[in-house]
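*Asks:* This is the structure I have questions about; it appears just below.
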Amino acid sequence: MKTTRFCSTILLAVILLAITGTRQELNAQTSVTIGPKVGGTFNGFRGDDAGRLTFRKGVAGGLFLNVSPVNYFSIQPEFLFQQRGAVNENRVFNFREDVKIGSFNVPVLFKLRLPIQETFFPHIYAGPQFSYVFKSEYSVNAFDIGTFIREVELRNYDLGGVFGFGLDIELNHLFLTTDFRYGLGALSIGEEDVNLKNKDLGILFGVGYKF
């Protein structure tokens, strides 16, 4: 609950600052940029029984759209395929559990930017995120027996939020964006009739560009 309130406060502050600044430059030219984006992820779960789980490494990739009505503020929706999940490795009993989740994420980032010589734009951002789960798999690798794999029934969507910081570089026809973000799911990964009350937790480092 405290984390959700913190994310909401950050998002509200960014939106209010952006609206205030945008009103002062209504005649500014809007810049629109679109391009590919890739990144690395560290995903896990949060909840009462998530302490035994560790982060699972993965990748993310897709497209971003950056709309900047003024140079110190932009709105950036993204369309990303992302690997999620968590790992539980027990060396004492010689087994490894691996939860793999493939999802299609649509975050909408509200970015407050600091222009430096009209080329470098350090920024902070926050925004909501919708996720659609298209694949989920649970595997157990008992090192002395073998690997057991099965499909698991998880909630096929999630609502949450992301916040983070990064750097935009705009030079002639080059637009490069890098960022580091922290994402929180608001819904449990299991449906109401499934005993999986954990929620998604993820870290993503991404790079996008447009020539």
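The values are calculated or read from the model by the stated rules, or taken from the named source; none is laboratory data. A quick note: this is a predicted structure, and the numbers were derived from the prediction, not measured. Positions of Cβ are backbone-derived with ideal geometry, glycine not excepted, and every protein chain shown enters the neighbour counts. The accessibility values were calculated without ligands, DNA or RNA, using every heavy atom of the protein model including side chains. Shrake-Rupley method; radii C 1.70, N 1.55, O 1.52, S 1.80 Å.
*Asks:* Answer yes if at least one residue in segment 84-107 is over 13 Å from the mean Cα position of the chain (by Cα), within 25 Å of Gly58 (Cα to Cα) and not in a strand (DSSP E or B), and no otherwise.
*Replies:* Yes, segment 84-107 contains at least one residue that is over 13 Å from the mean Cα position of the chain (by Cα), within 25 Å of Gly58 (Cα to Cα) and not in a strand (DSSP E or B).
*Asks:* Could you count how many residues in segment 175-199 are at pLDDT 85 or above and either in contact with a Phe, Trp or Tyr (Cβ under 8 Å, 6 or more places away or on another chain) or within 21 Å of Pro122 (Cα to Cα) (or both)?
*Replies:* Of the residues in that region, 9 qualify.
*Asks:* Further question on the same structure: Tell me, which residue of segment 113-128 that is open to solvent by less than 40 Å² (accessible area, probe 1.4 Å) and not hydrophobic (A, V, I, L, M, F, W, C) is farthest from the chain's Cα centre (by Cα)?
*Replies:* Selected residue: Thr119.
*Asks:* While we're on this one: Between Pro128, Pro115, Pro122, which is at pLDDT 85 or above, touching a helix residue (DSSP H, G or I) at 6+ places or on another chain (Cβ under 9 Å) and of a type outside the set (D, E, K, R)?
*Replies:* Unique residue meeting the criteria: Pro128.
*Asks:* Follow-up. Would you point out which residue out of Ala60, Ala86 is crowded, with 16+ Cβ neighbours inside 10 Å and either at pLDDT below 85 or not aliphatic (A, V, I, L, M) (or both)?
*Replies:* The unique qualifying residue is Ala86.
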